[in-house]
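Single-structure report; data block below.
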């Protein structure tokens, strides 16, 4: 509807009342804001060295009911996942992101854990995927959609397991966003910032987990960097 | 939704006499008021971030045309489509046409106040589509034919037994007792709906010009299931939702959850920037953004431009003594509380909403907690003046104001009258220092006591101290 577009833009222009010279100045201010921004006010809380960031990430994630495990190497992750499922009487059956980085884990070490690769469907009870970042200030995971990392793995199953290299944990959202920009050549369809499992307090302001998304969020932190 | 803002007084009277509602509203004081304060104190930079948030919004609004252009270009570059709508009717038609083009039957929706504003659901139903609300609270309202009463907690007016009754009526079976059972039952019903839907409609908390991104924020994860599973995703948002950069959105996101529910961050914050890419295993094939004006451009360039900074956190209503007594439905339309008392007269016309700017004690708590520092009491006062100018104030109130004005213009007389009134009230208050009843003020004392003045008048004290501060 070009009619509507021109009408709305016309109303905005009229309301802002810019003359000819002012128009150019306004464009200059916009270009300046986009290009050379005043740095954001970053909470001091997240600005600490690596190990402090990992500790804060864990503390904040646990505070919002995420379960966090930490293992030294990628090959140790499958045992942590299997233990998590076993301890909670959950099925040893999961659908996992087809991301090649997950192949480095020694999944054969867990013969009882049956894995398929792809995106989650309604019947899948456990989804396993990989985060591209973590934000210590609030214990937030940064997931980015891609053919090898379908979004629904983190939303449809009742239990969501996310693996994250501790080297990817940043102090704040801004640093995580910059890191994502360096790593990917284009903006993913969906970047999901996830802070704890799904919840609602709609019924009498009582906290309930698993409103539509996962009831359980298990974060496996891996200290060995990715190759 | 037929507005009943003119009946605010009657609505409020009924609300105050409803013990279930009072019980439900009482939870906000012990809940969100406390959690917000804790969250604000836990972040050293919170107050400074509020200034930043205000400045980001002011800059964006002052350059809104340029950011709208940039946003539109970026969405199309990302493979999405932008539609424009001047008013509610145009927006509804755009959404219907997208649904028809997609051959849609069922439409899932995640919670969106703007779709309430444009009354989208009844329109879609009249056009043969089945809209399904997926936010738990919104779903409860949809199946019981009610409207939301709060920006963030749409069913905050309902008690647990009331919700149990609604769910039993909708789902049949035994009556559910615990919140856990109720959440589980709704989860099972809605699961199938997500997967059956052809189109998913969401609002947006922010639109990012630099990247062409729509940001959704939910605790339940229902927005992601709404935009991730159907073939088509439609975002509908009013034009003031723009921010320049993702970094600006982060500043505002740091304010949003803390101000709304006192969480450090909402569980799911998602940045969606288009349809699914090559090889993606999920995501919609088409991505549409509907940019709606519906009265916002009328606020630009006026004193009410400040209201366009609103990020819809609900903090103003959570801290408003009038909202906490009267509840959201008393305000008679989509937006309740102090933000509604400013916005509703703008969107419906002051002649249809003039009681709302008067539904305030001007205690100023709304402005104290507003994350983007909107001067809500000042804006409500502007509406009061406008209502007076347009002769919308009832004759008795007018006469009262005229009498007070006459008296106030005669300082000696005013002081004597104030001294007499203060003395009389103190006598009447007796040792309790409170008055249960007062002639001609039954409306006021009907639901609360009037505290009697403790000392003399302000002017008497001022004179005694000879202008020195105590």
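The values are calculated or read from the model by the stated rules, or taken from the named source; none is laboratory data. Because the structure is predicted, anything quoted here is derived from the model rather than measured. Here the Cβ is made from the backbone with ideal geometry for all residues, glycine too, and neighbour counts use every protein chain on show.
Things worth noting here:
- In segment B:347-410, counting only helices (runs of 4 or more DSSP H) that sit wholly within it, the ones holding 1 or more residues that are modelled with pLDDT of 95 or more, surrounded by 14 or more Cβ atoms within 10 Å (Cβ to Cβ) and out of contact with any strand residue (DSSP E or B) (no Cβ under 6 Å at 6 or more places or on another chain) span B:365-369, B:376-389.
- For residue A:146: the one exception among (1) within 20 Å of the chain's Cα centre (by Cα); (2) exposed (fewer than 15 other Cβ atoms within 10 Å of the Cβ): (2)
- When B:82, B:107, B:94 are screened for being more than 19 Å from the chain's Cα centre (by Cα) and closer than 15 Å to residue B:139 by Cα, only B:107 passes.
- Residue A:121 being within 23 Å of residue A:60 (Cβ to Cβ) and more than 7 Å from chain B (Cβ to nearest Cβ): no
- Only strands (runs of 3 or more DSSP E) whose full extent lies in segment B:62-136 are considered here, and the ones with at least 1 residues that are at pLDDT 95 or above and at the interface with chain A (Cβ under 10 Å from one of its Cβ atoms) are B:81-85.
- Which numbered condition residue B:44 misses (of (1) facing chain A (nearest Cβ under 7 Å); (2) in a helix (DSSP H, G or I)): (2)
- Hits in segment B:223-238 - residues which are buried (at least 24 other Cβ atoms within 10 Å of the Cβ) and either under 23 Å from the mean Cα position of the chain (by Cα) or not assigned by TED's automatic domain parsing to the domain that holds residue B:135 (or both): B:223, B:224, B:226, B:234, B:235, B:236
- Enumeration of residues in segment B:297-327 that are within 14 Å of chain A (Cβ to nearest Cβ), under 19 Å from residue B:26 (Cα atoms) and surrounded by 23 or more Cβ atoms within 10 Å (Cβ to Cβ): B:314, B:318
- From the options B:297, B:270, residue that is under 30 Å from residue B:197 (Cα atoms) and either modelled with pLDDT of 95 or more or more than 19 Å from the chain's Cα centre (by Cα) (or both): B:270
- Qualifying residue in segment A:177-186 (condition: facing chain B (nearest Cβ under 7 Å) and buried (at least 21 other Cβ atoms within 10 Å of the Cβ)): yes
- Given (1) part of a loop (DSSP other than H, G, I, E, B); (2) within 14 Å of chain A (Cβ to nearest Cβ), index of the condition residue B:333 fails: (2)
- Checking each residue in segment B:118-149 for being surrounded by fewer than 22 Cβ atoms within 10 Å (Cβ to Cβ) and within 18 Å of residue B:344 (Cβ to Cβ) picks out B:119, B:147.
- Per the conditions (1) surrounded by 21 or more Cβ atoms within 10 Å (Cβ to Cβ); (2) touching a residue at least 24 places away in the same chain (Cβ under 8 Å); (3) in contact with a helix residue (DSSP H, G or I) (Cβ under 6 Å, 6 or more places away or on another chain); (4) closer than 25 Å to residue B:150 by Cβ, the sole criterion not satisfied by residue B:265 is (2).
- Taken together, B:114, B:156, B:94 contain a single residue that is in contact with a strand residue (DSSP E or B) (Cβ under 6 Å, 6 or more places away or on another chain) and under 23 Å from residue B:341 (Cβ atoms), which is B:114.
- Counting only helices (runs of 4 or more DSSP H) that fall entirely inside segment A:1-95 and contain at least 3 residues that are at the interface with another protein chain (Cβ under 9 Å from one of its Cβ atoms), the qualifying elements are A:2-16, A:20-35.
- The condition of being facing chain A (nearest Cβ under 7 Å), under 26 Å from residue B:61 (Cβ atoms) and in contact with a strand residue (DSSP E or B) (Cβ under 9 Å, 6 or more places away or on another chain) holds for only one of B:234, B:243, B:272, that being B:272.
- Screening residue B:179 with (1) out of contact with any strand residue (DSSP E or B) (no Cβ under 6 Å at 6 or more places or on another chain); (2) at the interface with another protein chain (Cβ under 9 Å from one of its Cβ atoms) gives one miss only, at (1).
- Considering residues of segment A:152-167 that are in contact (Cβ under 8 Å) with a residue 40 or more places away in the chain and part of a helix (DSSP H, G or I) only, the residue farthest from the other protein chains (Cβ to nearest Cβ): A:167
- Scanning segment A:176-194 turns up no residue that is outside any helix (DSSP H, G or I), over 17 Å from residue B:272 (Cα atoms) and either in contact with a strand residue (DSSP E or B) (Cβ under 7 Å, 6 or more places away or on another chain) or not assigned by TED's automatic domain parsing to the domain that holds residue A:125 (or both).
- Residue in segment B:275-287 that is in contact (Cβ under 8 Å) with a residue 60 or more places away in the chain, within 11 Å of chain A (Cβ to nearest Cβ), closer than 17 Å to residue B:151 by Cα and outside any strand (DSSP E or B) present: no
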